[in-house]
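One structure below.
We did not get these values from a lab; they are worked out from the coordinates using the rules stated. Please read these numbers as outputs of a predicted model, since none were measured by experiment. Cβ atoms come from the backbone with ideal geometry, glycine included; neighbour counts cover every protein chain shown.
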Amino acid sequence: MQDAHHHFSDLFAQLGLPNDPQGITQFLTQHAPLAGDVRLPDAPFWSPAQAAFLTEALLLDSDWAELADQLSEALRGQETPPA
């Protein structure tokens, strides 16, 4: 099994979002704060494909799960992840 190491910006690219530092900051600013009782994949701003990707990543504890958790924390104002 090959270990996959992704960066926070890679998650944005995977979601089809701008993945440069300015694009990431703009996304976080536009969509934060995410309420604590809303699961990341259930946030209203995702397309169905993005929500499905995040759900699968978290349910299967894939190599994207840690970055999805970081994104969730960043949207809740708990952490500012590196690009």
Checklist entry - By how many nm would the segment from D20 to E73 grow when fully extended, if each residue of separation counts as 0.36 nm and the alpha-carbon distance is taken off? => result 17.2 nm
Checklist outcome for this item: Given Cβ charges of +1 for Lys and Arg and -1 for Asp and Glu, the option among A74, L59, P18 whose Cα lies farthest towards the positive end of the dipole of segment 8-75 is P18
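Quick check for me: using +1 on Lys/Arg Cβ and -1 on Asp/Glu Cβ, what's the dipole size of segment 8-75 about its Cα centre, in debye to the nearest 20? Present the calculation step by step, with values, prior to reporting the outcome.
Working: 1 positive and 10 negative charges, 55 e Å.
Here the size comes out at about 260 debye.
Please state, rounded to one decimal and in Å, the Kirkwood hydrodynamic radius that the chain gives when every pair of distinct Cα atoms enters the mean of 1/r. Intermediate values should be presented prior to the final figure.
Details: mean 1/r = 0.0778 Å⁻¹.
Roughly 12.8 Å, rounded to one decimal.
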Checklist entry - For E66 and F45, what is the calculated FRET efficiency with R₀ set at 22 Å and r taken between the beta-carbons, to the nearest 0.05? => result 0.55
